[in-house]
Amino acid sequence: MMAWRRAAIGLAGATLFMAGCASTPGTRGDPLEGVNRVVFSFNEELDKIVLKPVATGYEKVLPQFVRTGIENAFNNFNDAWSAVNHLLQAKPAAALEMGLRFGVNTVFGFGGLLDLAGEAGIERRPEDFGQTLGRWGLPPGPFLVLPLLGPSTLRDTAALSLDLRAVPEAFLDERAARWALGSLHVISVRAGLLTATRTLDEIALDKYSLIRDGYLARRRKLVYDGDPPDEPESPDNDATEATEPK
């Protein structure tokens, strides 16, 4: 699911902060911090009791090549949505490249189980509708932690209504099949985060603030295609006031 991919973004960003630029709680604008921390604690407990044990079992039971194939198939489906968002962002070359990537892997990679396009040097450039809104100037708004879905912003939360319609399970008619495929999707993504979460659990003094700052920094970088401008000076370095590209 898109939200779980964004959780991966938060963990990737947190890794960058652990490399030497971590901030302390409250250094970034977070007007909903009190509520966010309550929801964050709920999500952590749910992950500890259900998701992490299931993902750990999934990792132990299934061979690496099977897990890689499942992950490739879900990523391949996301490539099609990325192509749409590149087009919506007026980036036709990137849209064409992602469309080509999706076509090659779907036709010749057995529905995306094999990442032949990646082996051929066609880079994956994931985009979602939250990034598209940011591309056209919509600011991120305050940081939010969503129940079950994890880190987000007001803008990314608004975009979820479309992003969640672009996952493979959303195209299934039978409810049981949707739940089964959706569960596999979540477990696959969570299994891919096991190493990162182990590192965070061992190192982070304040996991919430590290994931928050990592998420905001990484999302901003993605909106600007890896080259964000300097943030405007402000007393509290409020990330929610950063201006997105127009």
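The values are calculated or read from the model by the stated rules, or taken from the named source; none is laboratory data. Quantities reported herein were computed from a predicted structural model and do not represent experimental measurements. Here the Cβ positions follow ideal geometry from the backbone for every residue, glycine too, while neighbour counts run over all protein chains shown.
Among the residues making up the range 113-136, those that are under 18 Å from residue 85 (Cβ atoms), of a type outside the set (D, E, K, R) and part of a loop (DSSP other than H, G, I, E, B) are 122, 126, 136. When 74, 65 are screened for being in contact (Cβ under 8 Å) with a residue 12 or more places away in the chain and either of a type in the set (S, T, N, Q) or at negative phi (or both), only 74 passes. Screening the range 209-229 for residues that are closer than 25 Å to residue 48 by Cβ and touching a strand residue (DSSP E or B) at 6+ places or on another chain (Cβ under 8 Å) and picking the one that is surrounded by the fewest Cβ atoms within 10 Å (Cβ to Cβ) gives 216.
Being over 27 Å from residue 85 (Cα atoms), out of contact with any Leu (no Cβ under 8 Å at 6 or more places or on another chain) and at pLDDT 85 or above is the filter here; which residues of the range 200-241 pass it?
The answer is 206, 208, 209.
Taken as a whole, the structure places residue 73 among residues that are under 20 Å from residue 189 (Cβ atoms), part of a helix (DSSP H, G or I), aliphatic (A, V, I, L, M) and under 20 Å from the mean Cα position of the chain (by Cα). Every residue in the range 130-154 that is buried (at least 23 other Cβ atoms within 10 Å of the Cβ) and aromatic (Phe, Trp, Tyr), please. Of everything in the range 130-154, just one residue is buried (at least 23 other Cβ atoms within 10 Å of the Cβ) and aromatic (Phe, Trp, Tyr), namely 143.
Kindly indicate whether any position in the range 189-199 is within 20 Å of residue 36 (Cβ to Cβ), loosely packed, with under 15 Cβ neighbours inside 10 Å and at pLDDT below 95. No, the range 189-199 has no match at all. Listed conditions (1) without any contact (Cβ under 8 Å) to a residue 24 or more places away in the chain; (2) under 13 Å from the mean Cα position of the chain (by Cα) are all met by residue 160, apart from (1). When the range 158-180 is filtered for residues that are surrounded by 17 or more Cβ atoms within 10 Å (Cβ to Cβ) and part of a helix (DSSP H, G or I), the ones remaining, listed by number, are 159, 160, 162, 163, 168, 169.
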